[in-house]
Amino acid sequence: MNIKKRQDELFLTVGIIGCFILLLGVTHTPAQKYYVVGSSLLLLTSIHFKLIYFIALEIILMAGHGAILLGIGSTLQLALPVLLCIQLLSFYFLSGQLNNIFLLIGIAGIAVLSIGFAYENQWIFFIGSMSIAIYAFYTTYKGRPITLLWAILNTLFALIAILKLAF
């Protein structure tokens, strides 16, 4: 087995562990520590596979959760991820890569998910998770199978949010 394939398997495993930690965080209060650790592991995975959107996703979520952990106030907890999403949108626009609706849905999903985390609103959390899942499924369809990790994770987050609303 070649080294590249072993590295890919290692970072896939790291990402799966990160997903489990994030899902574990849903069941604990406060969950921010779990979210920071899980996002950090998914960040390593996205860096290894050179997935720009998912690198930004994990950094933005880590910044938002870090703001919550530091207790810097709900206004900054909201503003920080939203401003980072605007910066991400600007990057894609200026680099000429803002070329499909799915990317716009994904970037908006990061902002909405961050707002859902900051205000612990399940409807907003659901919409953000579904938006990210839609983009992740799209990138999987376009030939990046590793993004199925984020597609499944965010679909599970959306289902959990709906279940919390229902019960």
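The values are calculated or read from the model by the stated rules, or taken from the named source; none is laboratory data. What you see is a predicted model; the values in this text were computed from it and never measured. Neighbour counts run over all protein chains shown; Cβ positions are idealised from the backbone, glycine included.
Suppose we filter 104, 163, 149, 156 for residues that are in a helix (DSSP H, G or I), among the aliphatic types (A, V, I, L, M), within 13 Å of residue 54 (Cα to Cα) and out of contact with any Phe, Trp or Tyr (no Cβ under 6 Å at 6 or more places or on another chain); which single one remains?
Step by step, each of 104, 163, 149, 156 is checked, and only 149 is in a helix (DSSP H, G or I), among the aliphatic types (A, V, I, L, M), within 13 Å of residue 54 (Cα to Cα) and out of contact with any Phe, Trp or Tyr (no Cβ under 6 Å at 6 or more places or on another chain).
Go through 37, 26, 82 for me and flag whichever is over 20 Å from residue 146 (Cα atoms) and at pLDDT 90 or above.
82
Mind counting the residues in region 5-36 that are of a type in the set (Ser, Thr, Tyr) and over 14 Å from the mean Cα position of the chain (by Cα)?
3
Please determine whether any residue of region 82-91 is part of a helix (DSSP H, G or I), of a type in the set (A, V, I, L, M) and touching a Cys at 6+ places or on another chain (Cβ under 6 Å).
No, region 82-91 contains no residue that is part of a helix (DSSP H, G or I), of a type in the set (A, V, I, L, M) and touching a Cys at 6+ places or on another chain (Cβ under 6 Å).
So which residues in region 1-35 are exposed (fewer than 11 other Cβ atoms within 10 Å of the Cβ) and either over 28 Å from residue 69 (Cβ atoms) or in contact (Cβ under 8 Å) with a residue 60 or more places away in the chain (or both)?
Selection gives 1, 2, 3, 4, 5, 6.
Do we have residue 92 as touching a helix residue (DSSP H, G or I) at 6+ places or on another chain (Cβ under 7 Å) and touching a residue at least 24 places away in the same chain (Cβ under 8 Å) here?
For residue 92, the condition - touching a helix residue (DSSP H, G or I) at 6+ places or on another chain (Cβ under 7 Å) and touching a residue at least 24 places away in the same chain (Cβ under 8 Å) - is not met.
Give 116, 71, 96 a once-over and let me know the one that is modelled with pLDDT under 90, exposed (fewer than 12 other Cβ atoms within 10 Å of the Cβ), out of contact with any Lys or Arg (no Cβ under 9 Å at 6 or more places or on another chain) and not hydroxyl-bearing (Ser, Thr, Tyr).
After applying the criteria, what remains is 71.
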